[in-house]
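Asker: This is the structure I want to talk about, given as structure tokens.
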Amino acid sequence: MAWEPRIIVIACQWCTYQGADLAGSLRYSYPPTIHIVRVPCSGRVEPEFIAEAFRRGADGIFIGGCHFGDCHYKEGNYKAIRRFKLFKRLATDLGVDPERIQLEWISGSEGKRFSEAMTEFDAKIRELGPNPFKGGA
Amino acid sequence: MSKPKLAFYLAGGCGGCDMSIVDLSEALVDVATVLDIAFWAPTVADAKYKDLEAMPSGSIDVGLFSGNVRNSEHEHIAKVLRDKCKVLIAFGICAACGGIKGLVNLHTTEQLLETAYIDTFSTDNPDKVLPQVSYVENGKYELTLPALMDSKKLDEVVPVDFYVGGCPPHHTHVAKAVNAILTGQLPPAGSWITMGKAVCEVCDKNPVLQGKPKTFAKTVKRIYEGNPDPNTCLLEQGYLCLGPVTQGDCGSKCPSVDIPCRGCGGPIPGVKDFGLRAVSAIASMLDNEDLVDQIPDPVHLFYRYTLPSSFLGKRLKR
Ligand code: SF4
Ligand code: SF4
Ligand code: SF4
Ligand code: FES
């Protein structure tokens, strides 16, 4: 069977998750390879979650949070970006392709942007091919 | 009651963990009166592998394994000890998580041998002779050496009952651990022998313990840059201290002399991947995202003692 990517989207419930909902209501499509996990805030995302997703075979991981100034817990997204950048440096040094992980701010009103971002990320992961961790976990 | 039998083995380690037992000094005299040392190689007792191999299964009460598993000999003795010991303890951070010497996994064995035996400035090896696993001398005498492999923590090779952190474990902690073993007051199998508190929780510099608010680090500093204020948390001053995620059984030894904790105590309870949790803790304490780029060499900083226990580290591009 041809390989199909598995993409995990970790979405803040107040923004990106609502954006996904809106995309659905407005009938903007996005690829079926996207699997959304809802979290209370992007600041809840631990680097361990990303590693665990890789361990279980995810090919790409996308984290969506509120725009700066909009986080319901004020600074969760600031914390998220610092953690994300540091994790990305560490993972890159360990041989992970940094293109497989992405962080973006998508609000609840950006249904269209959500569908575009998912389509672009899916295309990128297809280009990169299967997760190199697969089969060895 | 007969004295409990103890075995101690130094695998891919430095002997520091042996010293932490010897450092019990006066207490060790006591220990020796209450413990029967069945095997302690290669540092303290004159015991041979064949003596250990000849012992009946389960005849040793407690085995302390120090150092990581780095070659076929370590792996073999780990299996022998597992069979002979009722309780097997990964003693020290090398055995528990791979230790400093787990950083060898950043390189292939070939790269390491080439550096050590060919490339180094002081090496004179025109025929480029490298250590061989087996060599026949005079056409008849076979000489062998253990085969090198990637560095592993002990539980990648055999099941481990308990873990003790530290590089080496501080002797006060060793005394507590030995006492717990002797009195049978051990935690549930598979856990760390620890007081369960982070280095920060026992650190005099902790602002929270002084009733002050925590503040973010506004710079990132290397240890040789400036002199830290002895009364202020090192992390707040920009020295990347891993106290928040490290078990504090040492009693916060490094911060008490103005040196940031590097994580030798092992991960605080509930943390599977030390390096990733350290990334999370340190990133959360930085004032802004630009500081992230100023952290030099994150792998050596965050995985200094635990690289073999990292999942991402297992798929290194080398
Ligand atoms: S944990 Fe530290 S002291 Fe113990 S063997 Fe390893 S390097 Fe040596
Ligand atoms: S971060 Fe380091 S210096 Fe600050 S309180 Fe924790 S252990 Fe002490
Ligand atoms: S402060 Fe940290 S690095 Fe220093 S001895 Fe304690 S646990 Fe190890
Ligand atoms: S609430 Fe959405 S990122 Fe914090």
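The values are calculated or read from the model by the stated rules, or taken from the named source; none is laboratory data. Being a predicted model, the structure only gives us computed values, none of them experimental. FYI the Cβ positions are ideal-geometry reconstructions off the backbone, even for glycines, and counts take in every protein chain you see.
Asker: Restricting attention to region B:200-223, report how many residues are without any contact (Cβ under 8 Å) to a residue 40 or more places away in the chain, among the β-branched types (V, I, T) and not in a helix (DSSP H, G or I).
Answerer: Residues meeting the conditions: 2.
Asker: Sticking with this structure for a sec: Among (1) more than 29 Å from B:E156 (Cα to Cα); (2) more than 9 Å from every other protein chain (Cβ to nearest Cβ), which single condition is B:T246 missing?
Answerer: So B:T246 meets the others, but not (1).
Asker: Continuing with the same structure: Hey, does region B:57-65 have a residue that's at pLDDT 95 or above, surrounded by fewer than 19 Cβ atoms within 10 Å (Cβ to Cβ) and either out of contact with any strand residue (DSSP E or B) (no Cβ under 9 Å at 6 or more places or on another chain) or among the hydroxyl-bearing types (S, T, Y) (or both)?
Answerer: Yes, region B:57-65 has at least one match.
Asker: Across region B:287-300, what is the number of residues that are surrounded by fewer than 23 Cβ atoms within 10 Å (Cβ to Cβ), of a type outside the set (D, E, K, R) and farther than 23 Å from B:A90 by Cβ?
Answerer: 6
Asker: Any residue that is out of contact with any strand residue (DSSP E or B) (no Cβ under 8 Å at 6 or more places or on another chain) and within 14 Å of another protein chain (Cβ to nearest Cβ) - is there at least one of those in region B:224-237? I'd like the intermediate steps shown before the answer.
Answerer: Let us first name the residues in region B:224-237 that are out of contact with any strand residue (DSSP E or B) (no Cβ under 8 Å at 6 or more places or on another chain), namely B:224-227, B:229-234.
Then drop every residue that is not within 14 Å of another protein chain (Cβ to nearest Cβ), which leaves none.
There is no residue in region B:224-237 that is out of contact with any strand residue (DSSP E or B) (no Cβ under 8 Å at 6 or more places or on another chain) and within 14 Å of another protein chain (Cβ to nearest Cβ).
Asker: State all residues of region A:111-134 that are of a type in the set (G, A, S) and either in a helix (DSSP H, G or I) or in contact with a Leu (Cβ under 9 Å, 6 or more places away or on another chain) (or both); if no residue qualifies, say none.
Answerer: A:G111, A:S115, A:A117, A:A123
Asker: Could you run through region B:101-117 and say how many residues are among the β-branched types (V, I, T) and surrounded by 14 or more Cβ atoms within 10 Å (Cβ to Cβ)?
Answerer: 2
Asker: Would you confirm whether any residue within region A:85-104 is touching a Cys at 6+ places or on another chain (Cβ under 7 Å), within 30 Å of B:H300 (Cα to Cα) and in contact (Cβ under 8 Å) with a residue 60 or more places away in the chain?
Answerer: no
Asker: Mind checking which residues of region B:295-310 are farther than 11 Å from A:R89 by Cβ and either within 7 Å of chain A (Cβ to nearest Cβ) or in contact (Cβ under 8 Å) with a residue 40 or more places away in the chain (or both)?
Answerer: Within region B:295-310, B:H300, B:Y303, B:R304, B:Y305, B:T306, B:L307, B:P308, B:S309 meet the criteria.
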